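A short reminder: the numbers here are calculations on the coordinates, not readings from a lab. Predicted model only: the values in this text are computed from it and were never measured. Counting neighbours? That spans all protein chains shown, and the Cβs are built from the backbone with ideal geometry, glycine included.
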Amino acid sequence: MKRVLMSLSILCLCMVFVLTPFADEKLKAAFVYVGPIGDGGWTYAHNDGRKALEKMGVQTAYVESVPEGAEAERIITRFAAEGYDVVFTTSYGYMDATIEVARKFPEIIFGHCSGSKRAKNVFTYFGRMYQPKYLAGIIAGKMTKTGKIGFVAPHPISEVIRHINAFTLGARSVNPSAAVHIVWTGAWFDPGKEKEAAVALMDAGCDIIATGADSPASMQAAEKRGFYSFGYDSDGRAFAPKSFLTAPIWDWSVIYNDIIGKLKEGFTDWENLDYWDGLESGIVRLAPLSHLVPEDVRKLIDARTEKLKKDDNIFVGPIKDQSGAIKVEEGVKLTDKELLNMMWFVEGVVGTIPK
């Protein structure tokens, strides 16, 4: 009987181990960053998420300013070879490298940010950033005096196009004649080019500057000229306190904490895991509005935020494209697939999409 009981005890312990393989181990998570952690934007926000994991007892490591391509594959491979339980690759341009390394290390879990390719050990994660971008657009539409709003755009990919369109739809929902002017930098993080783009937009008559790039350079350029601006990725008001209105920001800890929980629970369906949540989840939101935003605009944003949490109706027709032609028929809502592959501008955007 003692042997039977002992065998049952061993069996139970084995079952617990199978179901929660990391329950009593210290998990290790690695991060591959496209920019420096001090960029005040994209990478800074991801690094805050990494720090949140350390507070949970997770051992972490990172490499910053990793170029997309061969160098990214080398760094991802290094982390996998060192036995990290999960490797987060935080740029769209890391997609193919992530998939390639994951194929060689089937026992390691990989998370790719903003991409579309998954595998048995690769999940994807992002958020509906277009929602807070839309809210920022409302603020811009209400506060512009010239009717011209500038947008510093990094790369011509669907993510950026989608955000510009949402921002423009927000602006024109309260100011139908507002126009959003675009200048491309061709880089996620290039403070010099971002500043030049902001200056060019202001020279063209734009009195509010928004950005999809990773540094606070455009905000600082706007402040120098006495104009309002929006940050992006993280709350960067300290960089331009006399210009900053708010910033559409990420809270990556929402996803990173959840992934650690899944690892501890023994989750296995990574290929079908794709985070794509909005304001209701906390992954995206607006930073607290600065004192420069009028009270009536604050109330409008509060009300619109609550509505969006319940009903994401930003991309619902009728929506016209730049030529004035109906692109989305009245009452029709764009699908997630259409949003994720968006490569056209809505009416009100001034600029072209580079090929």
Using a Förster distance of 35 angstrom, determine the FRET efficiency expected from the C-beta separation of Ala119 and Lys309, and round it to 0.05. 0.60
Output the pairs from Lys299/Lys320; Lys26/Lys262; Lys133/Lys307; Lys307/Lys333 with a Cα-Cα distance over 18 Å in this structure; if there are none, say none. Lys299/Lys320
When Met95, Met219 are arranged by how many other beta-carbons sit within 10 Å of their Cβ, fewest first, they go Met95, Met219
How are the Cα pair distances of the stretch 119-231 distributed, in percent, across 5 Å bins from 0? 2, 14, 24, 23, 19, 9, 3, 2, 2, 1, 0
Give me the aspartates and glutamates in straight-line cross-link reach of Lys28: C-alpha distance below 15 Å, same-chain residues under 8 apart excluded. Glu54, Glu82, Asp85, Glu107, Asp258
Looking at the chain as a GNM with Cα springs under 10 Å, which of Val152, Val183, Val316 has the largest mean-square fluctuation? Val316
Diffing the stretch 165-175: the Karplus 3J(HN,Hα) column from phi (6.51, -1.76, 1.60, θ = phi - 60°), in whole Hz with x for Gly and Pro, holds 5, 5, 4, 5, 4, x, 4, 7, 5, 10, 8
Pseudo-spin-label distance Phe267 to Arg298, built 7 Å along Cα→Cβ, given in nm, is 3.7 nm
Principal axes of the chain: Cα extent on each, largest first, Å: 86, 42, 40
Arranged from highest to lowest average of other beta-carbon atoms within 10 Å per residue, in what order do the peptides 112-122, 250-260 appear? 250-260, 112-122
Pop out the ³J(HN,Hα) list for the stretch 235-250 in order, Karplus 6.51 cos²θ - 1.76 cosθ + 1.60 with θ = phi - 60°, rounded to Hz; leave Gly and Pro as x. 6, x, 4, 5, 7, 8, x, 8, 10, 5, 9, 5, 8, x, 10, 9
Integer Hz, Karplus 6.51/-1.76/1.60 couplings in order for the stretch 88-100, x for Gly and Pro: 9, 10, 9, 9, 3, x, 8, 4, 5, 5, 4, 4, 5
Among Met143, Met342, which comes first, then next, by fewest other beta-carbon atoms within 10 Å? Met143, Met342
Let's test the formula: R0 of 30 Å, r as the Cβ-Cβ distance of Glu107 and Lys337. What FRET efficiency results, to the nearest 0.05? 0.40
Arrange Glu271, Glu68, Glu107, Glu194 by Cβ neighbour counts within 10 Å, fewest through most, would you? Glu107, Glu271, Glu68, Glu194
The chain: calculated mean residue ellipticity at 222 nm from DSSP helix runs of at least 4, using -39500 (n - 2.57): -12500 deg cm²/dmol
How fast does the stretch 175-318 diffuse by Stokes-Einstein, in µm²/s, taking the Kirkwood radius from C-alpha pairs at 37 °C and 0.692 mPa s? 189 µm²/s
